[in-house]
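The next block holds one structure in the form of structure tokens; read it before the comments.
Computed from the coordinates by the stated procedures, all read-outs in this text should not be read as laboratory data. This structure is a prediction, so every number in the text was calculated from the model and none was measured.
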Amino acid sequence: MNSIVNYNPDWGIVRLLPGDKTSIQLVRETKGSEDPKHLHYPNEGRKIMCAHKHFDALEINYRQITDETLDYLE
């Protein structure tokens with residue numbers, strides 16, 4: 001089983017819905033590369049893989065991006 005230990009994505013967008021309910025619209029993880037093989041620490045790729053599975057199960061748009069990614073909201 002995969003797990004995310006001490007993992008906090010960099011940022012996301014949460015919308016306030018009627019009735020003071022909230023909805024997570026997307027989550028982004030900013031790294032130096034979009035290729036998990038080029039990350040600084042070996043366990044970062046594992047955490048990102050687990051995050052993809054976690055957020056997919058919740059039907060939340062999740063992506064790994066860089067500071068140069070122009071389409072980060074897509």
>> Below 8 Å, C-alpha to C-alpha, sequence gap of six or more: please give me the relative contact order for the range 11-65 in percent.
In response: 36
> What 222 nm value per residue comes from the helices of the chain, counting each DSSP H run with n ≥ 4 as -39,500 (n - 2.57) and dividing by all residues, nearest 500 deg cm²/dmol?
Replying inline: -7000 deg cm²/dmol
> What residues qualify as long-range amide H neighbours of Asn61, i.e. H under 5 Å apart, gap of 5 or more or another chain, H built at 1.01 Å from N?
Replying inline: Val27
>> If amide hydrogens are placed 1.01 Å from N in the peptide plane, which non-local residues have theirs closer than 5 Å to the one on Gly12?
In response: Arg28
> Measuring from the lowest to the highest alpha carbon on each principal axis, how far does the chain reach, largest first, in angstroms?
Replying inline: 43, 33, 17
> Cα axis of helix 42-57 to longest principal axis of the chain: angle in degrees, 0 to 90, nearest 10?
Replying inline: 30
> From the phi of every residue in the range 8-15, what ³J(HN,Hα) in whole Hz does the Karplus formula 6.51 cos²θ - 1.76 cosθ + 1.60 yield, where θ is phi - 60° and glycine or proline is x?
Replying inline: 9, x, 5, 6, x, 10, 10, 9
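Considering only DSSP beta bridges with both partners in the range 11-65, what is the antiparallel share in %, to the nearest 5?
The antiparallel proportion sits near 60 percent.
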